[in-house]
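Comments concern the structure below.
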Amino acid sequence: MTDDRWPTAALGEVGRMRVLAAAFPGAFLEERLVPRSFETVWGYLSDLERSIPDFDRTVGGLRIVRRDGERLEARARAAGPVPLATTFDVDLRPGWCWMVARPAFYVVGFAAEPEGDQTRLAHMEALSVPGPPGLRAALGPLLRMSRFGVARHVPRDLDGIGRALGA
Amino acid sequence: MEPDVAEAVSRAQRGDPMALDGVVRTLAPYVGRICGAIALSDGDDAMQEAMMAIVRNLGSLREPRALWSWARRIAVREAVRVARRGRDIPLDQPMLAASATVPDGATAVEVRHVLASMPPAQRAVLVLRHLEGMSEEETAAMLGVAVGTVKSRLHRATRAFRARWSA
């Protein structure tokens, strides 16, 4: 039975990012309140070809090679002398960007919501291991160790986003 | 359950992050309804904690088709737990008796007032019986209490609602 008079709860985009981060033992998630409007923050961030190589210095370039509504396919090239390429499946919606590397060894997420005239921005990265639940549970301690590396990278991305927005 | 939801659960259990996001989006309105009605002003926190418990333990769900009942159990447990530690202090019995005069055309505000007059465990009984349509026996089993306890909680709860809600 549904009755819209009963109170309901909601997650929001940032809340959903916190939930997904909880699923990855090595995930690191950081939130910042950016003193810019949601439109400004998301307008910059959602232009992935421009924004990601701009704020993430480990990425030399990124190109959207396929676009089907909210689903994108992106190819990222590493910065530096060895231009390693990674393909990402991307789910891009207002306030939400969920990027999954093929074959699902790495996930990158951004979520944003207006908070007054500012923007709450959450950024998460994690190693992700495909395989049966038992194998993935067994790898949990190893994956948790990977958090140290991700924990250095995520704040740098957020610093870069803040610099790009002059915030 | 729809076959594509069961398939998404299976893929998420095997470590597909895109499928995991799909499962979270599918479950969110359902979990939000349970957590909102039981935890009231702490509903968003309860929902986030319930969804975190769900994604952390998704690998232990042996039968993907049991997703909804499994998620319901977690949502009720987390909502009662969060509501008990939160600010939703039940009002006294005279207030509960007074709220039994909620009219047929009760508004959302009045529904919320009636719910707020009950302890969280009593709200859980009401949600499982009236929002979820579970029997007294099923409700007792889910909450881990005797059927007689469900009956007495339900009696107190339904006194606060008019006949069309308690039928």
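Nothing in this text is a laboratory measurement; each read-out follows from the coordinates by a stated rule. All values reported here derive from a predicted model rather than from experimental measurement. Neighbour counts run over all protein chains shown; Cβ positions are idealised from the backbone, glycine included.
Laid out as a table, the results:
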{"quantity": "Relative contact order computed over chain A (Cα-Cα under 8 Å; 6+ residues apart), in percent", "calculated": "28"}
{"quantity": "Rounded to 5, percent antiparallel among DSSP beta bridges of the protein assembly as shown", "calculated": "100"}
{"quantity": "Potential extension, B:Arg84-B:Asp4 segment - 0.36 nm per residue separation minus Cα distance", "calculated": "25.2 nm"}
{"quantity": "Efficiency of FRET from Cβ geometry, A:Arg144 and B:Ala146, R₀ 56 Å, rounded to 0.05", "calculated": "0.85"}
{"quantity": "Most mobile of A:Leu121, A:Leu29, A:Leu135 in a GNM of chain A (Cα contacts under 10 Å)", "calculated": "A:Leu135"}
{"quantity": "Three-way shape call for region A:1-147 based on the alpha-carbon gyration tensor, with the a/c threshold at 1.5", "calculated": "oblate"}
{"quantity": "Förster-model FRET efficiency, 25 Å R0, A:His153 and A:Arg93, C-beta, rounded to 0.05", "calculated": "0.55"}
{"quantity": "C-alpha center-to-center spacing [region A:51-65, region B:105-157] in angstrom", "calculated": "52"}
{"quantity": "Region A:2-67 - percent relative contact order, Cα under 8 Å, separation 6 or more", "calculated": "14"}
{"quantity": "Computed label-point distance, nm, for sites A:Arg66 and A:Leu33 using a 7 Å Cα→Cβ extension", "calculated": "4.2"}
{"quantity": "10 Å Cβ neighbours from other chains, averaged over peptide B:119-131", "calculated": "1"}
{"quantity": "Prolate/oblate/rounded label for region A:39-106 (Cα gyration tensor, a/c 1.5)", "calculated": "oblate"}
{"quantity": "Chain A, helix-only ellipticity at 222 nm - DSSP H runs n ≥ 4, -39,500 (n - 2.57), divided by all residues, nearest 500", "calculated": "-10000 deg cm²/dmol"}
{"quantity": "Efficiency of FRET between B:Glu63 and A:Ala79 - r from beta-carbon atoms, R0 30 angstrom, step 0.05", "calculated": "0.05"}
{"quantity": "Segments B:58-65, A:45-52 sorted - mean Cβ within 10 Å per residue, highest first", "calculated": "A:45-52, B:58-65"}
{"quantity": "Of A:Phe28, A:Phe105, A:Phe55, the one that fluctuates the most in a GNM where chain A has Cα springs shorter than 10 Å", "calculated": "A:Phe105"}
